[in-house]
1. Looking at the stretch 283-300 only, could you name the residues that are aliphatic (A, V, I, L, M) and under 31 Å from the mean Cα position of the chain (by Cα)?
2. What is the one condition in (1) touching a residue at least 40 places away in the same chain (Cβ under 8 Å); (2) open to solvent by less than 70 Å² (accessible area, probe 1.4 Å) that Ile33 does not satisfy?
3. Condition test on Gly216, is it modelled with pLDDT under 90 and assigned to a loop (DSSP other than H, G, I, E, B)?
4. In the stretch 301-320, what residues are within 28 Å of the chain's Cα centre (by Cα) and more than 14 Å from Asp236 (Cα to Cα)?
5. Just one of (1) under 14 Å from Ile154 (Cα atoms); (2) in contact with a Gly (Cβ under 6 Å, 6 or more places away or on another chain); (3) without any contact (Cβ under 8 Å) to a residue 40 or more places away in the chain trips up Val237, so point out which.
6. On the given criteria, is Ala58 crowded, with 19+ Cβ neighbours inside 10 Å, modelled with pLDDT of 80 or more and of a type in the set (Gly, Ala, Ser)?
7. Exactly one of (1) surrounded by 15 or more Cβ atoms within 10 Å (Cβ to Cβ); (2) not in a loop (DSSP other than H, G, I, E, B); (3) not small (Gly, Ala, Ser) is unmet by Asn287. Its number?
8. Among the residues of the stretch 163-171, is any part of a helix (DSSP H, G or I) and of a type in the set (A, V, I, L, M)?
Amino acid sequence: MNKRQFLASLEKKLSKLNNEERRRQLDYYEEMINDRIDEGLSEEAAVERMGTVQGVAAKILSEATPEQMAKKKKIGVLGWIGIALGAIILIVAALFILFMVDRVEESGIVDEIEDKIEQRLELNDGWISGGDASFGANEVSAIDIVWSCGDVGILESEGREFAVKSGKDDAFEYQLKDGTLYIETVENYAGKSDLKVYLPEDVIQLQSLNIVTSGGKVLVDEENFREISVVSSGGDVRVNPDDAERISVTASGGDVFVELDEDDAFVMNYAVEGGDISVGFDRSFVNESGNGSFAHYDHSLGRANCLNLNISVAGGDIKLLDD
């Protein structure tokens, strides 16, 4: 990428800034590139030193003051309803999980969820609209997604950057703040568009993945998350946990698939209503959930440290697959 392409792309990503601040930032980065060229770097190498356009834009927007913004992102009635519903679903899911293991008072899960809701409500400014986005392997430590217009896929990649792609550029917006990559469907978007997030090949283990979605399938085919939480309505959920420590899935209207095998140590708290549960590698398994009641399945294999699964499904099945 040359200087002209970099600055043109950056200008587009900084559309949330007022004209004066946007011009100031573009002049600043143009001067930085020119200084590096004067030091002997080629134009392309000087641009590469700046980092990705998305990373630069996210940093600028996260540090911008209200006076430097062209306008704030306004949350309309539908937006507030979506946030409220997402919050309610998450809290109810957490309470189900806590009830199952009988440790409401001792656990900090509810506080964690409330913090995540508050963090999202604070993201008024700094959103970048559409287009394919990419971030360096060390820029992202967690991913938080709210999606309502299609499928969501968290996928492996042979590349060296995080990449966010959607079939429609105007379907989503994103923001990188304090290491968390936030992605959401643009308010009032009426079309259908799938979301795909690709992780770098050599990425270290990330802290968490949180997905709230409706009307589409969820595929988590990348194992580099310590904690995974999915709340879904209207689509199947498929998770490959591998090195995860905790996985929580609350789903309605679809099946939940978890890829495991008999050598994996895990304990599962589960509830199924209107469906069934099967364990592909344990022929002696008997579903003790019974019409939505909570049950426990121990496959810890005598190990102290093992995966914790918390799954609640209405109108679908739970299937532990023989990986």
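The values are calculated or read from the model by the stated rules, or taken from the named source; none is laboratory data. Since this is a predicted model, take the numbers as computed values, not measurements. No Cβ is skipped: glycine too gets one built from the backbone with ideal geometry, and neighbour counts run over all protein chains shown. For accessibility, only protein heavy atoms count, side chains too; no ligands or nucleic acids. Shrake-Rupley method; radii C 1.70, N 1.55, O 1.52, S 1.80 Å.
1. Once the filter is applied, which keeps residues that are aliphatic (A, V, I, L, M) and under 31 Å from the mean Cα position of the chain (by Cα), the stretch 283-300 yields only Ala295.
2. Of everything listed in (1) touching a residue at least 40 places away in the same chain (Cβ under 8 Å); (2) open to solvent by less than 70 Å² (accessible area, probe 1.4 Å), Ile33 misses just condition (1).
3. No.
4. Scanning the stretch 301-320 gives Asn305, Cys306, Leu307, Asn308, Leu309, Asn310.
5. Only one criterion is unmet by Val237, namely (2).
6. Spelling it out, Ala58 is indeed crowded, with 19+ Cβ neighbours inside 10 Å, modelled with pLDDT of 80 or more and of a type in the set (Gly, Ala, Ser).
7. That leaves (2) as the condition not met.
8. Yes: one or more hits.
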